[in-house]
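The next block holds one structure in the form of structure tokens; read it before the comments.
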Amino acid sequence: MKDSPDRPPFAVLGAKPRTVFVTGKGGVGKTTFAVALAAAAARVHGQAVYVEFSDGQSGRRAGIGRESGVEHVVLDLRNAVLRAAEELFGSKRLARFALGNFAMKPLIKAAPALRELGVLELARQVVANRPDAPVVFDM
């Protein structure tokens, strides 16, 4: 599908979503598709965000960068709960105090749903902090 003013990227069945999650089985081209989608959105909208949940190597290998109009965001899953709680507590220090103690650390490790909620909150923050940019999540 070719980019055009009457059918821009993110136009799916007539909708214009601002956030897209690219998911699927490993090795099927998710990253390639997500990077291409973010680049196409940046061409149309002037900016876009590509988000990956890893070490950031996929985006760097794909050439994502500010010069392409695509902001590259890397979310670290290991500390998602703590990072998500920083906004809730209003302070990095207070979040560390509340969640980094000897009683909470094992609880957070034992409850995977807490980590997933942390990841969802970080994703929400990325979208909320960039109200004018399309956001592509490479899951």
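The values are calculated or read from the model by the stated rules, or taken from the named source; none is laboratory data. Just so we're clear, the structure is a prediction, and the values are computed from it rather than from any experiment. For neighbour counting, all protein chains shown are included, and Cβ atoms are generated from backbone atoms with ideal geometry for every residue, glycine included. Heads up: the accessible areas ignore ligands, DNA and RNA and are worked out on the full protein's heavy atoms, side chains in. Shrake-Rupley method; radii C 1.70, N 1.55, O 1.52, S 1.80 Å.
Taking the protein heavy atoms of the chain in the context of the full set of protein chains, the accessible area attributed to carbon and sulfur is 59 percent at 1.4 Å.
Taking all protein chains together, S58, S68 sort by accessible area into S68, S58, largest first [probe 1.4 Å].
Across R18, R61, the residue with the most accessible area heads the list, and the full order at a 1.4 Å probe is R61, R18.
Computed from backbone phi, the HN-Hα couplings of segment 133-139 come to 10, x, 10, 10, 9, 8, 8 Hz, rounded to whole numbers (Karplus: 6.51 cos²θ - 1.76 cosθ + 1.60, θ = phi - 60°; Gly and Pro given as x).
Charged neighbours of L120, selected by a Cβ distance under 14 Å, balance to 0 (K, R count +1; D, E count -1).
Within the straight-line cut-off of under 16 Å between alpha carbons, the aspartates and glutamates reachable from K109 are D76, sequence neighbours fewer than 8 places apart in one chain being disregarded. Taking each residue as 0.36 nm, the span from Q57 to N101 lengthens on full extension beyond its C-alpha to C-alpha distance by 12.7 nm. When you count the other C-beta atoms within 10 angstrom of each residue and take the mean per peptide, 35-45, 123-133 line up highest first as 35-45, 123-133. What net charge do the residues around L88 carry, taking every other residue with its C-beta under 13 Å from that of L88, with Lys and Arg at +1 and Asp and Glu at -1? Taking every Cβ under 13 Å from that of L88, the sum is +1.
If you take every DSSP beta bridge whose two residues both sit in the chain, what share of them, in percent to the nearest 5, is antiparallel? Given both bridge residues lie in the chain, the antiparallel proportion sits at roughly 15 percent.
Once the 1.4 Å probe is applied to the protein heavy atoms, the chain comes out at 63 Å² accessible per residue.
Averaged across orientations, what area in nm² does the convex hull of the alpha carbons in the chain project?
Here the figure is 9.8 nm², rounded to one decimal.
Taking Cβ atoms as reference points and 11 Å as the exclusive limit, the residues near T32 contribute a net charge of +1, counting Lys and Arg as +1 and Asp and Glu as -1. Across segment 122-132, coupling constants 3J(HN,Hα) worked out from phi with the 6.51/-1.76/1.60 Karplus curve, θ = phi - 60°, read 5, 4, 4, 5, 4, 5, 5, 7, 10, x, 9 Hz, and Gly and Pro carry x.
Rounded to whole numbers, the Karplus 3J(HN,Hα) couplings from phi for segment 33-38 are 5, 5, 5, 5, 5, 5 Hz, using 6.51 cos²θ - 1.76 cosθ + 1.60 with θ = phi - 60°, and x at Gly and Pro. Filter the chymotrypsin sites (Phe, Trp or Tyr not before Pro) in segment 41-139 down to the DSSP loop ones having no more than 10 other Cβ atoms within 10 Å, then list what survives. Taking segment 41-139 and a limit of 10 other Cβ atoms within 10 Å, the loop chymotrypsin sites (Phe, Trp or Tyr not before Pro) found are F102. Less than 5 angstrom separates the built amide H of T19 from those of V135, all sequence-distant by 5 or more or on a different chain.
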